[in-house]
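The values are calculated or read from the model by the stated rules, or taken from the named source; none is laboratory data. Computed from a predicted structure; not experimentally measured. Note that each Cβ is placed from the backbone with ideal geometry, even for glycine, and that neighbours are counted across all protein chains shown. Keep in mind that these areas ignore ligands, DNA and RNA; they rest on the heavy atoms of the full protein, side chains included. Shrake-Rupley method; radii C 1.70, N 1.55, O 1.52, S 1.80 Å.
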Amino acid sequence: LDEQRGVVRDALDEPDAFEKSSPRHRLRFLDKLLRTEHFNRDQTYELQSMGIVLGDALAEALELKWVIVHDRHGRDPALLLPGTTVLLFPLTMISKRAEGGRMVDVVALYTAVLDQFEAIRAEAV
């Protein structure tokens, strides 16, 4: 995960500001990379790296924990709601949208996930 965070940091003009900012404030850096089309839609690894940074912001806001999920398709990072089996997979949230040719509004995506997850949390706990 740290390597993927570094991919995002290294793509920015202001990597020190990225490092010093909170996970939620890093959303503006993601937005900048998306608006300037810094990564092409075929750069899956880089776009998924942005998903990890988005996941960090979601983890902070929702008090989730990063885990590795193993299944028949391999291993993937996911966010776990502690005390439950509820998982969130932010890795591909940006890449799937961008690869499909859609413009990604990171703040709107973040807000929508927060709203949906709060509803799920209320049912799960």
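Which one is nearest to residue 53 (Cα to Cα) among residues in the stretch 102-121 that are open to solvent by 50 Å² or more (accessible area, probe 1.4 Å) and in a loop (DSSP other than H, G, I, E, B)? Per the stated criteria, the residue is 105. Does residue 46 meet the test of being open to solvent by less than 80 Å² (accessible area, probe 1.4 Å), at pLDDT 95 or above and of a type outside the set (Gly, Ala, Ser)? Against the criterion (open to solvent by less than 80 Å² (accessible area, probe 1.4 Å), at pLDDT 95 or above and of a type outside the set (Gly, Ala, Ser)), residue 46 qualifies. Among the residues of the stretch 69-100, those that are of a type outside the set (D, E, K, R), more than 17 Å from residue 117 (Cα to Cα) and without any contact (Cβ under 8 Å) to a residue 60 or more places away in the chain comprise 69, 70, 73, 74, 95, 100. Number of residues in the stretch 12-43 that are in contact (Cβ under 8 Å) with a residue 24 or more places away in the chain and either closer than 15 Å to residue 92 by Cβ or buried (at least 19 other Cβ atoms within 10 Å of the Cβ) (or both): the value is 9.
Among the conditions (1) touching a residue at least 60 places away in the same chain (Cβ under 8 Å); (2) over 25 Å from residue 123 (Cα atoms); (3) under 13 Å from the mean Cα position of the chain (by Cα); (4) open to solvent by 30 Å² or more (accessible area, probe 1.4 Å), the only one that residue 66 does not satisfy is (2).
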